[in-house]
Amino acid sequence: MARLLIAASGTGGHVFPALAVAQKLPDEQIQWLGTPNRLEQSLVGDQYPLHTISVEGFQTRSPLKKLQILWGLVAAIFEVKQLIKKEKIELVFTTGGYIASPTILAARLSGIPAILHESNYIPGKVTKLLSRFCDLVALGFQGTAKYLPQTNTNWVSTPVRSQFYSPQPLDLNIPDNVPLIVVIGGSQGAVSVNKMVRQCVSSWLDIGAYVVHLTGKNDPDADSFKHPQYISLPFYDNIAGLLQRANLAVSRAGSGTLTELAITQTPSILIPYPFAAEDHQSFNAKVFVDVGAAYCYQQKELTEEILSQTVLDLLKNPEKIEKMRQKTAELAVIDSAEKLANLIKEKC
């Protein structure tokens, strides 16, 4: 029985894949490393011992602030190193983000293996800088390896939670025989996309579609549109059941969401987040567009008319949706979590 430290913090794109892998390691002693007041506090706390450190990214132009962040990073490295020693940790696994830096460097200083999972097509700065200190970098997309220097990589796709692999009943009042469109703005929401969808949605409802719109918690106009066929929610726990039922998704192009779309075979219209680091969501989306699984529009180019007509065309031509569904299914890797868990066990 190995003693593992999983470092995953912040957004669902980091936390959910790590949880999926942890579920495939029932015989290991797992502890979790996160940051204060983030998503892992509610998702992880009851399942694994949760430790927290304070760490930030370097997105600032202030030299003084950069020095403060650097000092905080150094302090975090030694804090994690002490945790590794105290808990007799034998391997660390991280899904990237700010927390990965002190975790990987502390593992290196402690002489234990570090495994990093990079879910985006274009690897983040942390992955590019610190992958050389990892024993293995697991990849969400096959093409990512060419962006990493002399690194031991293994393509496994991105793990998703176990509920995506079995039918999940919905508790929403949606008839069985109507087309369902699901709008997903990501864990942070997408106010600009939300606004455009509300401008378009009447035309979709007029031809009998239902819409479930996940607005996020930061949209001040979330309740401004009302209709019996339109369900607006800030968040919905059963996203697996929702995508299993959906005929079409309108979504950002985060790697976790794309993996969930592939597993549930949900065709999509993708609107990459325009401020994502390295524009990585556009590269993620391109993988789906290239095989015919999705349409993609840059936010600055997308208009109400384009979005409205694209959705209407698909709803009126279900054979197009069916072809996209088949192509989406081809991108699914159904044993990603098992593959990554086995790689972790090999390194213990």
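The values are calculated or read from the model by the stated rules, or taken from the named source; none is laboratory data. Being a predicted model, the structure only gives us computed values, none of them experimental. Don't worry about glycine lacking a Cβ; one is built from the backbone with ideal geometry, like all the others, and counts go over all protein chains shown.
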Can you work out which of the residues in the range 120-143 that are out of contact with any strand residue (DSSP E or B) (no Cβ under 6 Å at 6 or more places or on another chain) and part of a helix (DSSP H, G or I) is nearest to Thr52 (Cα to Cα)?
Val126
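So that you can scan it fast, the table gives a plain yes or no per residue for (1) crowded, with 21+ Cβ neighbours inside 10 Å; (2) within 24 Å of the chain's Cα centre (by Cα); (3) in contact (Cβ under 8 Å) with a residue 60 or more places away in the chain:
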site	(1), (2), (3)
Gly143	no, yes, yes
Asn152	no, yes, no
Pro159	yes, yes, yes
Ser166	no, yes, no
Leu180	yes, yes, yes
Ala209	no, no, yes
Asn218	no, yes, no
Gly241	no, yes, yes
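What do you reckon, is Pro49 at pLDDT 80 or above and either surrounded by fewer than 18 Cβ atoms within 10 Å (Cβ to Cβ) or over 22 Å from the mean Cα position of the chain (by Cα) (or both)? Don't jump to the end; show me each part of the working.
Numbers: at pLDDT 80 or above: yes; either surrounded by fewer than 18 Cβ atoms within 10 Å (Cβ to Cβ) or over 22 Å from the mean Cα position of the chain (by Cα) (or both): yes.
Yes, satisfied.
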Which of (1) crowded, with 21+ Cβ neighbours inside 10 Å; (2) outside any helix (DSSP H, G or I) is the odd one out, the single condition Ala341 does not satisfy?
(2)
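Give the residue, chosen from Leu302, Leu307, Leu331, that is in contact (Cβ under 8 Å) with a residue 12 or more places away in the chain and more than 27 Å from Lys195 (Cα to Cα). So that I can check it myself, show each step before the final result.
Values: Leu302 fails: more than 27 Å from Lys195 (Cα to Cα); Leu307 fails: more than 27 Å from Lys195 (Cα to Cα).
Of Leu302, Leu307, Leu331, the one residue that is in contact (Cβ under 8 Å) with a residue 12 or more places away in the chain and more than 27 Å from Lys195 (Cα to Cα) is Leu331.
Just to check your reading of the model, which residue among Val197, Val193 is out of contact with any helix residue (DSSP H, G or I) (no Cβ under 8 Å at 6 or more places or on another chain), β-branched (Val, Ile, Thr), part of a helix (DSSP H, G or I) and crowded, with 23+ Cβ neighbours inside 10 Å? Write out each step before concluding.
Values: Val197 fails: out of contact with any helix residue (DSSP H, G or I) (no Cβ under 8 Å at 6 or more places or on another chain).
Answer to the check: Val193.
May I ask you to say which residue of Leu91, Leu105, Leu67, Leu109 is among the aliphatic types (A, V, I, L, M), at pLDDT 95 or above and surrounded by fewer than 20 Cβ atoms within 10 Å (Cβ to Cβ)?
Details: Leu91 fails: surrounded by fewer than 20 Cβ atoms within 10 Å (Cβ to Cβ); Leu105 fails: surrounded by fewer than 20 Cβ atoms within 10 Å (Cβ to Cβ); Leu67 fails: at pLDDT 95 or above.
Only one candidate qualifies: Leu109.
So, Ile207, is that one within 16 Å of Tyr297 (Cβ to Cβ), at pLDDT 95 or above and of a type in the set (A, V, I, L, M) or not? Write out each step before concluding.
Numbers: within 16 Å of Tyr297 (Cβ to Cβ): no; at pLDDT 95 or above: yes; of a type in the set (A, V, I, L, M): yes.
Here the answer is no, as Ile207 does not meet what is asked.
Would you confirm, using the coordinates I've provided, whether Ser308 is over 20 Å from Pro167 (Cβ atoms), exposed (fewer than 15 other Cβ atoms within 10 Å of the Cβ) and out of contact with any Pro (no Cβ under 8 Å at 6 or more places or on another chain)?
On the way: over 20 Å from Pro167 (Cβ atoms): yes; exposed (fewer than 15 other Cβ atoms within 10 Å of the Cβ): no; out of contact with any Pro (no Cβ under 8 Å at 6 or more places or on another chain): yes.
Here the answer is no, as Ser308 does not meet what is asked.
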